[in-house]
Structures are given as C-alpha cells and as structure tokens.
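The values are calculated or read from the model by the stated rules, or taken from the named source; none is laboratory data. Since the structure is predicted, the reported quantities are computational estimates derived from the model, not experimental observations. When we count neighbours, we look across all protein chains shown, and the Cβ atoms used for this are built from the backbone with ideal geometry, even at glycine. Accessible surface is based on the protein model in full, side chains and every heavy atom, while ligands, DNA and RNA are left aside. Shrake-Rupley method; radii C 1.70, N 1.55, O 1.52, S 1.80 Å.
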Amino acid sequence: MSKSNKRYLYGLDISLKCTGVSVYDLDLKEFVFVGSFNTEKIYATKENKGLNLQAVKLNKLQAWMREIIVEYPPIAVSIERMFSRFKNETQAIAKATGVVQVLFWDKPQVMFPPKSVKLAIIRGNASKELVKEEILKRYPDLIMNNEDESDAVAVAITFLIDASLIEWKKPVVATKKKVAKKKEPTKK
C-alpha cells in the first residue's frame, strides 16, 4: 500500500517552545513517528536581522511540520487544547496553534483539554510521568524523548479511545481514602 493510500492520525502538543508530534498508522495500528521541534535555540542571526523572532520560529515550525505531512499525509488530527496561564506564553501558544491548524485546514481536527487526555489514559489528576508510564505498558517499544512527545502520543490515544478505534482499559488505581474527621463541638 502506498503512503498516499495510508490512513494516518496525528497527535499534537503544540507550543512555541517545543511542539510534540505523533503519527499513528490506522491500518497497522501502531505509531510510525514520534518527534518534537524545539525552537528555544533559534536566535536572532544576520539572516533574520530585523525580523520578528517569534515569526521566524513559527516559520521554522511550520516548515518542519510540512515535511512530516508530506511523508505521512493525515486523515485526522487530534490536538491537546491550549490552556491559559501567563499572558505572553498564552499568546505564543495561540500563535503556534493557529499556524499548525492552518496546515491541517482541510482535515478534521479534534481538540482535547489536558485533563480529558489524562482521564482517558488513567485518571484526570495523573501526572505526565504516570500517563507516560501507562502508555509504555501498552507500547513498550515506543520512544518518547520528552513530555511534549508523550503528550502528543497521549492525545492521539485519546482520539483513538474516543472514536472506539482501540480498546483501552484503564488500570485500577488505588486512591487514598478520606478519613472523616471527628467534629469538635463548637463553643458558644
């Protein structure tokens, strides 16, 4: 089967600092690409003097993504939805998200909040490390070099679970039992 006939699902953890990408082959039922693009070491140079450095980073990000799209043409895209924390960081993530979404303008795009991704894999308040450990139990040969890559894999798995394309049984996780405190009588 040629790559143009293949069916690929993307999982994306978008950021201007480091964007994680996973590509899942829907026919082989396996991840065929996991990687990330880090823009933190892109500095002002003679070539980009006078240009907006953030725009230079966005351009390099989209160029990197285009290469992956050519190699693995997607039929659907799952994206970890951005969250707001700090004004400047939120604006940068929003710009990167917009650039990446434009690359997939003609493909279905599903956005999942980070808590929903964790909930689909294990539980809503799970740490990123615990989510990664659970993924590696199911995909032991998968190499994820950073949190951005494991987040990209997790969001792809969330799409697969949500669309009933894979069976995923969450592990039974022991939780701390809340011990009821004895109420002290109030003094009048």
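What pairs in Lys57/Lys115; Lys132/Lys170; Lys118/Lys169; Lys137/Lys170 have C-alpha atoms more than 21 Å from each other?
Pairs exceeding the cut-off: Lys57/Lys115.
Which helices, taking whole DSSP H runs in the chain, have alpha carbons extending 24 angstrom or more along the helix axis plus mean Kyte-Doolittle at least 1.6?
none
What fraction of the DSSP beta bridges in the chain is antiparallel, stated in percent and rounded to the nearest 5?
Restricted to the chain, the bridges split so that about 60 percent are antiparallel.
Treating the beta-carbon of each Lys and Arg as +1 and of each Asp and Glu as -1, no other charges, what is the dipole magnitude of the chain about its Cα centre, to the nearest 20 debye?
Result for the chain is approximately 1480 debye, rounded to the nearest 20.
Using a 1.4 Å probe over the heavy atoms of the protein chains, calculate the carbon and sulfur portion of the accessible area of the chain as a whole percent.
54
Ignoring everything except DSSP H segments at least 4 long, calculate the 222 nm mean residue ellipticity for the chain; use -39,500 (n - 2.57) per segment, divide by total residues, nearest 500.
Rounded to the nearest 500, the figure is -12000 deg cm²/dmol.
Using a 1.4 Å probe, how large is the accessible area of Arg66, given in Å² and rounded to the nearest 10?
For Arg66, the solvent-accessible surface is approximately 130 Å².
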